[in-house]
Every structure is written in C-alpha cells, then in structure tokens.
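The values are calculated or read from the model by the stated rules, or taken from the named source; none is laboratory data. Keep in mind it's a predicted model, so treat the numbers as computed, not measured. No Cβ is skipped: glycine too gets one built from the backbone with ideal geometry, and neighbour counts run over all protein chains shown. To get the accessible areas, we keep the full protein, side chains included, count just its heavy atoms, and leave off ligands, DNA and RNA. Shrake-Rupley method; radii C 1.70, N 1.55, O 1.52, S 1.80 Å.
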There are 2 protein chains.
Amino acid sequence: MNIKNKKKLAKNWFSELQKIICKEIEKIEKVYGSNKKFKINKWKHGEFRTIKGGVIEKGGVAFSNVIGKFPQEFAKKIPGTKNNNKFWSSGVSVVLHPKNPKVPALHFNTRFICTKKAWFGGGIDVTPCIIDNIQKKYVHKELKKMCDLHNKKYYPKYKKWCDKYFYLPHRKETRGIGGIFFDYKMDNWEKDFLFVKDVGKKFVYLIDQIIKKKMYLKWKKKDKEIQLLKRGRYVEFNLLYDRGTIFGLNSGGNTKAILMSMPPNAKWK
Amino acid sequence: MNIKNKKKLAKNWFSELQKIICKEIEKIEKVYGSNKKFKINKWKHGEFRTIKGGVIEKGGVAFSNVIGKFPQEFAKKIPGTKNNNKFWSSGVSVVLHPKNPKVPALHFNTRFICTKKAWFGGGIDVTPCIIDNIQKKYVHKELKKMCDLHNKKYYPKYKKWCDKYFYLPHRKETRGIGGIFFDYKMDNWEKDFLFVKDVGKKFVYLIDQIIKKKMYLKWKKKDKEIQLLKRGRYVEFNLLYDRGTIFGLNSGGNTKAILMSMPPNAKWK
C-alpha cells in the first residue's frame, strides 16, 4: 500500500475512534443519570471534545491531523528527519478524570507519524488514587490478552516501556499502575495497524468495564483528598515529562487541546 | 576581597534574610489572629521553612547552600563552566500563596553563584489574580525607588527582564504584574552585594505593605474561582518554564524544597 493510502486509513480510523469513545462515555453518563454530552471544539488541525459530566468530572477526547516541521533540537531524536524536519501526524488521545476517587483516571493515545519513515505509537494506562490490586490484575490481564493475539512479545515489552515512561523521578513514584506504551512501531504496516485498532477497541471496552464497576461506590472526604494530591502528581508528570505536552506547547500546538489533559483541580501539601 | 570571604558573606546574609522573612510573616499571622508558625525542614544543603497560615494559605522560605556539578547540557548556558562544571551556590527563595484572593501571590529570590566566575541573581515579582492598577503602580514605584538608589539603569532593565521571564507563551499571558528580575550580575562585588541586600530588604517591606493592606478584605466564591484558575497558570509556569525548578528537579535537588512553590490547590477549566 502506498503511504498516501496508509495516512488516509489511519486518519479515518482515529477520527472514527474519537466518535466511538465519546459515545461510550455519553452512554455511561446516561446510565448514571447525568446525561451530560461532549462539547465539540474544532480547530484547523483537528477537533477536541470535552465533557464535564456526573461520572467524568473532566474529560477530553482529541483527534488531530497535523502537517508541520519538527524544531531542530527535537528532530534529532526523531527517526527519518536527517535531511528534512517535515512531518505528517494523526492521532487520537484521551484523558478521563472521574469525579469519584474510587474510579481511576484513564489515559489512551494512538498515533501515526510520518517523516521519511512512518510509524505507530500509543498506549493505555490507568491511574488510580486508591490502590486496588484486583483491578490492577484485571487491567493487565485484559491488555495481555489483547496483545497476545498479535504477538506474545508485545505485552511484556510494552508493559515495561509503560512503567518506564510514566515515572516521576523527582518523586520516585510511578504515575499509576501502568498499562502498555509503544512507539516507533514500523514492523509491518498492515499488522501494526490491526494492532493499533485493537488497542483502541480494548480501550473502549476498558472504559466501560472499569468505570461502570466503581462509579456508584460511596467515597469519603479523605478519599477526595487523596485524589486531589494524586492529581497534583498527574499535573507534575504532564508538564515536566510528557513528550507530547512539551513538544505540543513548544511547537505552537493548540494549547487548549494539549492541556485538555489537566485535571479539573489538584492539591499540593 | 577573596572569593572565600564573598561566599561567606553572601551565605550568611541569605541565611539571616530567611529568618527575617519568616519573622515578618509570623508577625502578620499574629496580627491577623491565626498565630501560625513556620515549620523548619532541614536537609543536607540547607533548610526550607513552610507555613500553612490564616493569611498565607501556603508559603515557603528556603535557604540553600549547594556545592555540585552542572549537567553537561545545562552547563553550556552557564558562564565560567568552559573547563569545569563545578559550582557553588547559595540563595534564599520565597513563594507566598495567600488565602484571600484579593491578596496577590508573592515571589522573591536572591542567589550568589560561583563557577570560574561569580555572580548574583534574583528578583521580586507579584502575581495578583484580581487586577488592581493602584497596587501595581505602587509595587513598581517602590521597586524603582530602591533600584534608583543604586543605579538609574537598573529598574528599566530589570523590569523588562522580569516581564520577559515570567511569561507563558502557550497562554500568551504574563504570570503576574511583573517586578524586577536580574541574573549574571558581576559588575562590582561590593556594590552588587549591597544591591542584593536591598532587594531582600525591599521584599520584607513589601510583604508587610501588600499583605496587610488587603488581608481583611471580604471575597466572594467567584473571586476564589479566579484565584484557583490563576494558580493553575502558576503551576504551568513553574513546571514548564522556571529554570530553577527544572534544573533543580533534573539535578537531584530536594523535591520538597523545590516544589514548595506549588500552590495549595489549583483548577483547570
């Protein structure tokens, strides 16, 4: 398949997935009784949808398709930019901050990036503020099951990558309970694309399973305190270390779309 | 004077100033009726004092004296590190987040850094969440008055530097109403030190003048909302752009001392 068609297929999938994810969340809001809907914000390189719901206190689902140039310093670390800093990218990214401190925050992203080379990247990771080992096991079992359908090597590799990436060295803390994270995936386009689609579908499934299971649980003021401090760590990670955030803000990306990932509120001791 | 004595004098002043500032704040807390005191936290390279008061919701006053090595990449931008990345530094830094949204947040820092060269740096800046042009004029008039006693060129130069430094490009917003900011100050050690001491004394004076004037004012829920969103911007600035924060966290500094600057809480829309 030529690159033009690959771009088109990937982009169409990400755009479709954005709608599927928003529908899934609106369905949950409806079941819960809040009936809140996403607000659609369009800009020249995509659209980001945001919700302030009864279950999801603050959530964002962004689709983007950007043609641009990597800044010189940033390009050095990017494959296929030796003689040309231009890139094409498309992706979908999601951050969900639930109101209930017993429901973990969820993060998902998949993207297709083209320079002289072309690759997929993405991942799913889960950030609870109250430890639940049963849920942790469940999430990893589900992610492993999905990965294993494609390649037995994926899960261990991508789980490790995730743990390494979502780490706050200054706190000596992980951001959450991990998940999967992959980048520069360019083995076989058709197979990689099938995998990337499966990651997206698994995320839709996990939204439903993880959130519905806990959204009715009662919580105390003390749980909320823990959640607010954990959200402080989320802010620290995103602003200090997240490559997408830092790159986006430094390259004239859409600030509102990028900082859609910020929690509704946070605390520091 | 030899460098050893310069270091000693600077360090002793910063340490003394830390105590003066803490006393000043405790005096205000007493007048207000909260009577809260600073908690003293010692670590191997200094001590940071933190308060959770009735006037200052969250405040920190840190003294440090560090001997270390600049990381290679960072050193490139630092004077006097051509053949040797070692540095000696001492300084005092203050961040005050008042409870009352009508009282601005205050930030102050002065430092003496030695590589093969030796220089002072520092500044005072004010971050209100509710605009008050009279107070803005007052702050700048006071800073100008102090600067002018040393050199008529200081105020315009350092005011401009401050505006440039405390700017959030991704928001196209200034952090606050500015103040003064200076770095690499190595004209004449004795004169520079007198100036640095005056900056510190002026800050002590301004704490009293700015806070006492407004700490009794009534405020509405809407004012608090504005404050929490403004604190979100404060967090963004410190984690995305503040050189001291980023350098400190990347070079194994004391996380709690560095992130003492975080507000007690913040919001994002």
Would you mind telling me which numbered condition in (1) part of a strand (DSSP E or B); (2) under 24 Å from B:Phe195 (Cβ atoms) B:Lys116 fails? (1)
Given (1) within 14 Å of chain B (Cβ to nearest Cβ); (2) within 30 Å of A:Lys222 (Cα to Cα); (3) not small (Gly, Ala, Ser), identify the lone condition not met by A:Val55. (1)
Kindly indicate whether B:Pro98 is in contact with a Pro (Cβ under 6 Å, 6 or more places away or on another chain), in contact (Cβ under 8 Å) with a residue 40 or more places away in the chain and under 24 Å from B:Lys23 (Cβ atoms). no
Subset of segment B:172-186 (residues that are within 24 Å of B:Pro101 (Cα to Cα) and surrounded by fewer than 16 Cβ atoms within 10 Å (Cβ to Cβ)): B:Lys172, B:Glu173
Would you confirm whether or not segment A:185-200 contains a residue that is among the aromatic types (Phe, Trp, Tyr) and more than 20 Å from the chain's Cα centre (by Cα)? yes
Output the residues belonging to segment B:154-199 that are out of contact with any Ser or Thr (no Cβ under 8 Å at 6 or more places or on another chain), charged (D, E, K, R) and without any contact (Cβ under 8 Å) to a residue 60 or more places away in the chain. B:Lys157, B:Lys159, B:Lys160, B:Lys164, B:Lys172, B:Asp187, B:Lys191, B:Asp198
Hey, does segment B:153-165 have a residue that's hydroxyl-bearing (Ser, Thr, Tyr) and not in a helix (DSSP H, G or I)? no
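Here's the yes/no breakdown for (1) touching a strand residue (DSSP E or B) at 6+ places or on another chain (Cβ under 8 Å); (2) β-branched (Val, Ile, Thr):
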residue: B:Lys197; (1), (2): no, no
residue: B:Val204; (1), (2): no, yes
residue: B:Ile207; (1), (2): yes, yes
residue: B:Asp223; (1), (2): no, no
residue: B:Gln227; (1), (2): no, no
residue: B:Phe237; (1), (2): yes, no
residue: B:Leu240; (1), (2): yes, no
residue: B:Thr255; (1), (2): no, yes
residue: B:Asn265; (1), (2): yes, no
When every residue in segment B:187-216 that is outside any helix (DSSP H, G or I) and open to solvent by less than 80 Å² (accessible area, probe 1.4 Å) is compared, the one nearest to B:His170 (Cα to Cα) is B:Met215
How about segment B:1-113: which strands (runs of 3 or more DSSP E) wholly inside it have at least 3 residues that are surrounded by 18 or more Cβ atoms within 10 Å (Cβ to Cβ)? B:46-51, B:56-69, B:86-98
Which of the residues that make up segment B:217-263 are part of a helix (DSSP H, G or I), more than 8 Å from chain A (Cβ to nearest Cβ) and without any contact (Cβ under 8 Å) to a residue 12 or more places away in the chain? B:Lys221, B:Lys222, B:Arg243, B:Gly248
Scanning segment A:101-129 for residues that are under 16 Å from A:Ile207 (Cα atoms) and in contact with a strand residue (DSSP E or B) (Cβ under 6 Å, 6 or more places away or on another chain) gives A:Pro104, A:Ala105, A:Leu106, A:His107, A:Phe108, A:Asn109, A:Thr110, A:Gly123, A:Ile124, A:Asp125, A:Val126, A:Thr127
Can you tell me how many residues within segment A:114-129 are over 22 Å from A:Glu29 (Cα atoms) and over 16 Å from the mean Cα position of the chain (by Cα)? 6
